[in-house]
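The values are calculated or read from the model by the stated rules, or taken from the named source; none is laboratory data. A quick note: this is a predicted structure, and the numbers were derived from the prediction, not measured. Because the Cβ atoms are built from the backbone with ideal geometry, glycine has one as well, and the counts that use them run over all protein chains shown.
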Amino acid sequence: QQGPDPKIVRRLGNGRVKNIIIVLSGKGGVGKSSVAAQLALSISETGMPPSATSSSTSTALPKVGILDVDLTGPSIPRMLGLDGQQILQSSDGWVPVYADREQRLAVMSVGFLLKSRNESVVWRGPKKNAMIKQFLGDVRWGELDYLIIDTPPGTSDEHISLLEYLRPFSPTAVLVTTPQAVSLADNLRSLDFTRKVGLPLVGLIENMSGYVCPHCEECTNVWGRGGGEALAAREGLKFLGRIPIDPGLVRVLDDAKEEAIKRAKEGAPARGDDGKETD
Ligand code: ADP
């Protein structure tokens, strides 16, 4: 095996990106992208997760990047109200799209490369591999406290490429499941993958875990509840928590869209276009 790719080292190495978290799911539709987006948003808006350690002594809010390499259905731009934005090419690589005015949440997605939201990507292995390499080596993130990576469901070529390139930077992973998907072989395959490639799992999140009635606030266990916790216990993983089915999530996404439209009308920058990397 060759040594680390120099372009990737330049972007991610030497402490430029402090923590890399890969978000995985055994199958599609369990909310992996939603969890990745919420994770990125909440870290960038409220600070470090309570258990995280940072070498930074600054009290400033962290800088977060989210990289969406879900070639089969890149949904991060839509979830962050950034649909239709395009990647800018500077002399120093691709400039990410920023989700906030303060430029603390940088976003890069294969979705920004597609002409329309309904276009799909049908690429063979080598092209996918080249795309992953380019995303890791060509994006001008600057310094980041966290890089969250949304991946396709299951374990595919993309995961293998990602892991090969990221191994020198000690990434970790989070597994997302739903109560009804918890017993599926797909989850066990994802777990097996992380063990085979030596990717440490921070823990497991159970999404769509019960439904909280907006009128009486009682939680109904539509598809059962607690299976994720049991799976975590059985497999020796940390259970990070459960997220209920929340009709408000769709509203939040709509609000993000409204905000994006407002921003466009006001002419405020949604991306950093100063033309140089911040060191
Ligand atoms: P995946 O990335 O696993 O394919 P997504 O994050 O795209 O899944 O979620 C699939 C759909 O379910 C999306 O429309 C998303 O808005 C919705 N969704 C995800 N989690 C929740 C939740 N906790 N409550 C309500 N809707 C959710």
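Is at least one residue of the stretch 177-186 modelled with pLDDT of 95 or more and within 16 Å of the chain's Cα centre (by Cα)? Full working, then the answer.
Filtering the stretch 177-186 down to residues modelled with pLDDT of 95 or more leaves none.
The answer is no, given that none of the residues of the stretch 177-186 is modelled with pLDDT of 95 or more and within 16 Å of the chain's Cα centre (by Cα).
In the stretch 34-48, which residue that is over 15 Å from the mean Cα position of the chain (by Cα) and of a type outside the set (A, V, I, L, M) is modelled with the lowest pLDDT? Let's see the steps before the verdict.
Within the stretch 34-48, the first condition is being over 15 Å from the mean Cα position of the chain (by Cα), and the residues that meet it are 45-48.
Next cut, of a type outside the set (A, V, I, L, M) only: 45-47.
Working: GLU45: 86, THR46: 83, GLY47: 77.
Filtering the stretch 34-48 for residues that are over 15 Å from the mean Cα position of the chain (by Cα) and of a type outside the set (A, V, I, L, M), the one modelled with the lowest pLDDT comes out as GLY47.
Within the stretch 22-43, can you find the residues that are among the charged types (D, E, K, R) and either touching a His at 6+ places or on another chain (Cβ under 6 Å) or within 6 Å of the ligand (Cβ to nearest atom) (or both)?
Filtering the stretch 22-43 down to residues among the charged types (D, E, K, R) leaves 27, 32.
Result: LYS32, single match.
Does ILE132 satisfy being part of a helix (DSSP H, G or I), over 29 Å from THR46 (Cβ atoms) and touching a residue at least 40 places away in the same chain (Cβ under 8 Å)? Quick ask: steps written out before the conclusion?
On the way: part of a helix (DSSP H, G or I): yes; over 29 Å from THR46 (Cβ atoms): yes; touching a residue at least 40 places away in the same chain (Cβ under 8 Å): yes.
So ILE132 passes the test.
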